[in-house]
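The values are calculated or read from the model by the stated rules, or taken from the named source; none is laboratory data. As the structure is a computational prediction, the values presented were derived from the model and not from experiment. Cβ atoms come from the backbone with ideal geometry, glycine included; neighbour counts cover every protein chain shown. Remember, those area values only see protein heavy atoms, side chains included, never the ligands or the DNA or RNA. Shrake-Rupley method; radii C 1.70, N 1.55, O 1.52, S 1.80 Å.
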Amino acid sequence: MATLLLLRHGRTTANADGGLAGRQPVELDETGRAQAAAVGQRLRGIPLAAVVSSPLVRCRQTLELAVPEVTPLVEDGLIECGYGTWEGQPLKALAKEPLWPVVQQHPSAAVFPQGEAMAAMAARAVAAVRSWDARVTAEHGPEALWLACSHGDVIKAIVADALGLHLDLFQRIVADPASVTAIRYTPLRPFLVRLNDTGGELTALVPPPRKRRRRPARPADSDAAVGGGAGAAR
């Protein structure tokens, strides 16, 4: 199967201020723009069969800087979790809410007020990347690589699924801004190839060219008789 490169968007003004952006149209800050440009350097030399993005502006800005030659396809399944009335609030204030420990310790049961259930977010994100991966594999072959730009909790949920972990364990996973995580899906199981990579060499993920198998010579093409010739039997 193809290899998925999951890219988290660069740092935003909300990340810098300690707020929960959610689906608000927050943009990259100066650091985030530099991170996006840096990951673009790391992606050079990687033939991307497809580039898809969350519809939110911070992901689209990240891709504009990282792969400016590509027009990403928008995938709604990769959008940030809908945090409802929590969006735009400081994390310090949210940490005092009764729902906070549920989100941290039992996220599969967390439903944000006037928002989305974390389990629903995980299900639609996993479905989206698996569908895209099958499509890329069918169109470009099992050695293809493709890129998806999304958000921290979304990426952590996809990684948890790839590792066979319950969603309640996904808070143990880290996906920093502008990090790259690589997953290779196969018919039997996914393989986590990279996790939260913020500086490693990415071209190593490109599969080497397949060696063509030499076809065995047909009997008519050989001077030797089957079994080594009459002399071998004497």
A 1.4 Å probe over the protein heavy atoms gives the chain a carbon and sulfur accessible-area percentage of 53
Cα-based shape type of segment 1-140, given that a ≥ b ≥ c are square roots of the gyration tensor eigenvalues and the cut on a/c is 1.5
oblate
Selection from 195, 151, 84, by position along the positive dipole direction of the chain (Cβ)
195
Below 8 Å between Cα atoms, with a sequence gap of 6+, how large is the relative contact order for the chain in percent?
28
Rg/Rg_globular for segment 97-154, with Rg_globular taken as 2.2 N^0.38 Å and Rg from C-alpha atoms
1.51
Which whole-Hz ³J(HN,Hα) couplings does segment 163-171 yield from phi under the Karplus relation 6.51 cos²θ - 1.76 cosθ + 1.60, θ = phi - 60°, glycine and proline marked x?
8, x, 8, 5, 4, 5, 9, 6, 5
Assuming a viscosity of 1.567 mPa s and a temperature of 4 °C, what translational diffusion coefficient in µm² per second does Stokes-Einstein assign to the chain, Rh being the Kirkwood radius over Cα pairs?
66
Within the chain, longest stretch free of exposed GluC sites (Glu not before Pro) [DSSP loop, at most 13 other beta carbons within 10 Å]
70-200
Set the Förster distance to 25 Å, then compute FRET efficiency between residue 69 and residue 201 from the Cβ-Cβ distance, nearest 0.05.
0.75
For residue 185, the residues 5 or more places away or on another chain with a placed amide H closer than 5 Å to its own amide H are 4, 191
By the rule of no other cysteine beta carbon under 4.7 Å, the lone cysteines of the chain are 81
So, counting K/R as plus one and D/E as minus one, what does the shell of residues with Cβ under 15 Å around residue 131 add up to?
-2
Counting only residues 5 or more apart in sequence or on a different chain, those whose built amide H sits under 5 Å from that of residue 74 are 53
Which cross-chain or sequence-distant (5 or more) residues have an amide H under 5 Å from the amide H of residue 12, H modelled 1.01 Å from N in plane?
29
Calculate, in nm to one decimal, what residue 99 and residue 46 gain on full extension: separation in residues at 0.36 nm each, minus their alpha carbon distance.
14.9 nm
Rounded to the nearest whole Å², what accessible area per residue is found for segment 28-107 with the 1.4 Å probe?
50
Which of the trypsin sites (Lys or Arg not before Pro) found in segment 2-53 are loop residues per DSSP with 14 or fewer other Cβ atoms within 10 Å of their Cβ?
44
Neighbour net charge for residue 88 - beta-carbon separation under 12 angstrom, K R +1, D E -1
-1
Whole-Hz Karplus couplings 3J(HN,Hα) for segment 193-208, θ = phi - 60° and coefficients 6.51, -1.76, 1.60, Gly and Pro as x, run 8, 9, 9, 6, 7, 10, x, x, 6, 8, 5, 5, 7, 6, x, x
Cβ-placed point charges (K, R +1; D, E -1), dipole of segment 61-150 about Cα centre in debye, nearest 20
420
Over segment 86-186, how many percent of alpha carbon pairs lie in each 10 Å bin up to the one with the longest distance?
14, 42, 30, 11, 3
³J(HN,Hα), Karplus 6.51/-1.76/1.60, whole Hz, each residue of segment 2-18, x for Gly, Pro:
5, 10, 9, 9, 8, 10, 7, 4, x, 4, 10, 4, 5, 4, 5, 8, x
